[in-house]
C-alpha cells in the first residue's frame, strides 16, 4: 500500500497520450518524436556482426573503450574540445537516463534548479524526486528567445544547476554565440552547474554549425552534456546515449550509473564505434533533415497553420490561432479525432500555464507521410 506518492502531480505523459490516441484513431502520427524510417543498413549489419562475434556480455561500466575513444574524436572534430575518453565520457541507456543520473548524483534536497521551458518532461520529475525545486524560466511565443537578464533574476543562493536544451525541443531554436557568452557571464564566479541536453546536436539548419557548451572552456568546467544515439541514428528504440562531464563530476554520476543500470547494450556499442569512424555521416545529417523540414513547410503553405521558424531538431511549431480558439491540448485531440493527424501541444512542456495557440509536429518522416499529413491539414 502506497502511503505517499513521490510524484503526486505526475500522470501519463502527453507523448503516450497522443501516440495512443493516434493509434486509436488511425491517424498520422506527427506527435511523438521518432522517425518512421529505419537505422542505416550498414549499422544494423554491424550490430548483427558483433552479436555473432560474441560481444554479448557486459560492456565496461563507462562504455566500450572503442566507443568512448570514437566519441572523444568526434567531440574534438565538431567542438574543438579535448575530452578524456575514459574519465569524462559515460555511455548510458539513452539520454533520459543520463539526465536522471546527473540530477540524482548532483542535486540535493532543498536545492533549486532553473529549467528553461518549454522543456522535455523528464527534467522536473527528476528534480522533484531529489527533494529539490524546479524554478521555471518560460520562453514566450513566437520568438522563444531567452532574456538573460530576466533569467539571471531567478538565481538565488540555493540555485545549484540550470538545465538548457540546445537545439531546443519543442521550439526548434538554436543557441547563438551571444547566448553562450551570456551564459558564461551569469554563471561566472558561481558554483552553478549547467546540464546541457544536446540530443539534437547535429540537427541544425540553414548553414549553422553545431554549437555546444563543450566549445567554451569557461562553461565546460561546470557542465554536464547529454546525447542520444537513438536520435542520431534514427533508432530511438535502442535507448542508447552518453554523458560528458569533467572527471570529478563524472565520478559522481558513475556512482549512480553503476547501481541503476551498470552498463548498456554491448553489441550496439561496438557497432556504433565502427560505423562512426567516418565522421561524414554526422556531417550529412543537417541537410538530410533540412530537406524534410523544407518539404513539409512547402506543402503546409496551403494550410492556415502559421509556421514558427525551426532552426534545429526535427520538430516544427505551428500557430493555429487562425483556425481555432481551443486550448492547445483540446485542439491537438480534436485534430487527431476529426482530421486524423496527431500533434503535440506545447503547454504540457511547461509548469506555468501558457495560452499560446501552438502545436508541435515531427517531420522525421518520409515525404509520403509528410505530404499526406499536409494535405489533410490544408483542408481545415
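The values are calculated or read from the model by the stated rules, or taken from the named source; none is laboratory data. Values in this document were obtained by computation on a predicted structure and should not be read as measured data. Heads up, the Cβs are rebuilt from the backbone with ideal geometry, glycines too, and the neighbour counts pull from every protein chain shown.
Is it true that some residue in segment 160-169 is in contact with a strand residue (DSSP E or B) (Cβ under 7 Å, 6 or more places away or on another chain) and farther than 27 Å from residue 94 by Cα? Looking for residues that are in contact with a strand residue (DSSP E or B) (Cβ under 7 Å, 6 or more places away or on another chain) and farther than 27 Å from residue 94 by Cα, one finds none in segment 160-169, hence no. If residue 321 satisfies all but one of (1) buried (at least 16 other Cβ atoms within 10 Å of the Cβ); (2) in a loop (DSSP other than H, G, I, E, B); (3) touching a strand residue (DSSP E or B) at 6+ places or on another chain (Cβ under 8 Å), what's the number of the condition it fails? Just one mismatch for residue 321, condition (1). Restricting attention to segment 176-214 and to residues that are farther than 17 Å from residue 312 by Cα and under 19 Å from the mean Cα position of the chain (by Cα), the residue that is surrounded by the most Cβ atoms within 10 Å (Cβ to Cβ) turns out to be 195. Quick one: in segment 116-142, which of the residues that are part of a loop (DSSP other than H, G, I, E, B) and within 16 Å of the chain's Cα centre (by Cα) is surrounded by the most Cβ atoms within 10 Å (Cβ to Cβ)? Filtering first and then ranking leaves 118. Candidates 17, 10: the one that is without any contact (Cβ under 8 Å) to a residue 60 or more places away in the chain, surrounded by 12 or more Cβ atoms within 10 Å (Cβ to Cβ) and under 14 Å from residue 121 (Cβ atoms) is 17. Would a scan of segment 161-179 turn up a residue that is over 28 Å from residue 356 (Cβ atoms) and modelled with pLDDT of 95 or more? Checked segment 161-179: no residue is over 28 Å from residue 356 (Cβ atoms) and modelled with pLDDT of 95 or more.
So that you can scan it fast, the table gives a plain yes or no per residue for (1) under 16 Å from residue 262 (Cβ atoms); (2) without any contact (Cβ under 8 Å) to a residue 60 or more places away in the chain; (3) out of contact with any strand residue (DSSP E or B) (no Cβ under 9 Å at 6 or more places or on another chain):
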residue: 49; (1), (2), (3): no, no, yes
residue: 59; (1), (2), (3): yes, no, no
residue: 74; (1), (2), (3): no, no, yes
residue: 80; (1), (2), (3): no, no, yes
residue: 88; (1), (2), (3): no, no, no
residue: 95; (1), (2), (3): no, no, no
residue: 98; (1), (2), (3): yes, no, no
residue: 103; (1), (2), (3): no, no, no
residue: 106; (1), (2), (3): no, no, no
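Scanning segment 55-65 for residues that are more than 17 Å from residue 254 (Cα to Cα) and within 25 Å of the chain's Cα centre (by Cα) turns up nothing. Is it the case that some residue within segment 143-157 is outside any loop (DSSP other than H, G, I, E, B) and in contact (Cβ under 8 Å) with a residue 60 or more places away in the chain? No, segment 143-157 contains no residue that is outside any loop (DSSP other than H, G, I, E, B) and in contact (Cβ under 8 Å) with a residue 60 or more places away in the chain. Only one of these is under 19 Å from residue 118 (Cα atoms) and either in a strand (DSSP E or B) or at pLDDT 95 or above (or both): 369, 359. Name it. On inspection, the qualifying residue turns out to be 359. Of 158, 150, 143, all but one fail to be modelled with pLDDT of 95 or more, out of contact with any helix residue (DSSP H, G or I) (no Cβ under 9 Å at 6 or more places or on another chain), in the same structural domain as residue 251 (by TED's automatic domain parsing) and within 21 Å of residue 174 (Cα to Cα); the exception is 150.
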